Amino acid sequence: MEVSYLPNNQSSPPSYHEATGQQFQHAARYHMLAEVTDVLPSAPLATNENHAPPQRTKPRYQAIIITGIIVGGSILIALIVSFTLIFGVLKKSTTTTTTTTTTTTTTTTTQRPKCFDGDTTVVREDGSRVRMRNLKVGDQVIVAYKTSDNGIELRSSPILAMDIYQKYDNDSPVDYLEIQVAANISIPPLHITRRHSLLVRREHDSEVKYLFASQVNIGDHLYLLKNDYRSAVQTKITHIKDVTLFDAYAPLTLEGNLVVNDVVVSCYGTFTHSFVHLAMAPRRWLLYGALHTTLMGQKYVEEHFNLIIKYLMAINLL
């Protein structure tokens, strides 16, 4: 049987020109197919769904928990330091022992407050004066702050707490220093305990700092409230003497200072102003938050809570 190797429908072999033409057509079709294949997307590799690599998730809630633990621990430690060192020392008492002829020993314990007497006046936001013993939490009073050029400016701030070390008692005298400054108007002298701080510039020094009342001298400068209630001017100390009074109060503001008898003073005593201001930071901020929560109500709290949530979302923690 004769076997034909010719393509279908061909009875004779193609000529030379026909054969070469077909080769060129096949080559062109192959080249076009290769170009199309290059631009087509490759098929994804087959993977086993049961062994797909897990997607990484951001430890959002872990970060929040860790941050809360750190902040809460810091506040707790600061509170312990504040109440242990500050209030513990403020409530230290001096003990005197008297021996009579009958060999009976009498022990008398007296408090050592570091504050102001009840007749001292505090300057309110509107310029009015209120006696220290009548001052209330939430009252807006004048406080001081340092400007960028180390100047002293004034603004209003609420009273956060009133620490009453002794109400008026004729049987319990308290030792004070009476400090008088030079002024164009008649202002009452400042009555302040020896270990309470006030803002001072030494006579031959340009630095402004808080010093204990016992450290100031005649000729040193204190900061006196100006008539605009927004700035203070330096004025010289002209007179210092010891006096005895019968009550003791210590108000607290967020800034750690206020204006008493028109003079800028610290809210703190016993230790240096900067140390106590730092140690009392948790108490000040907690009282400030509680005061604004009480005054502003639930809407105020919700608004600030929403701001916190937005902040956490912005830094990708929620």
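For the stretch 118-145, what are the residues that are surrounded by fewer than 15 Cβ atoms within 10 Å (Cβ to Cβ), in a strand (DSSP E or B) and touching a residue at least 40 places away in the same chain (Cβ under 8 Å)?
Y145, the sole residue that qualifies.
If I go through the stretch 221-239 residue by residue, how many of them are assigned to a strand (DSSP E or B) and crowded, with 17+ Cβ neighbours inside 10 Å?
8
Considering each of S172, S214 in turn, give the residue that is without any contact (Cβ under 8 Å) to a residue 60 or more places away in the chain and among the polar types (S, T, N, Q).
Checking each option against the conditions leaves just S214.
Counting only residues that are polar (S, T, N, Q) and under 18 Å from the mean Cα position of the chain (by Cα), which one in the stretch 240-265 is surrounded by the most Cβ atoms within 10 Å (Cβ to Cβ)?
Among those residues, the one meeting the criterion is N257.
Could you say whether any residue in the stretch 221-231 is closer than 19 Å to R131 by Cβ and polar (S, T, N, Q)?
No.
Can K209 be described as more than 23 Å from R131 (Cα to Cα), in contact with a helix residue (DSSP H, G or I) (Cβ under 9 Å, 6 or more places away or on another chain) and modelled with pLDDT under 95?
It is true that K209 is more than 23 Å from R131 (Cα to Cα), in contact with a helix residue (DSSP H, G or I) (Cβ under 9 Å, 6 or more places away or on another chain) and modelled with pLDDT under 95.
Looking at D169, D163 in this structure, which one is closer than 20 Å to R131 by Cα, modelled with pLDDT under 90 and within 24 Å of the chain's Cα centre (by Cα)?
D163
The values are calculated or read from the model by the stated rules, or taken from the named source; none is laboratory data. The structure displayed is predicted, hence computed values, not measured ones. Ideal geometry is used to build each Cβ from the backbone, glycine not excepted, and the neighbour counts take in all protein chains shown.
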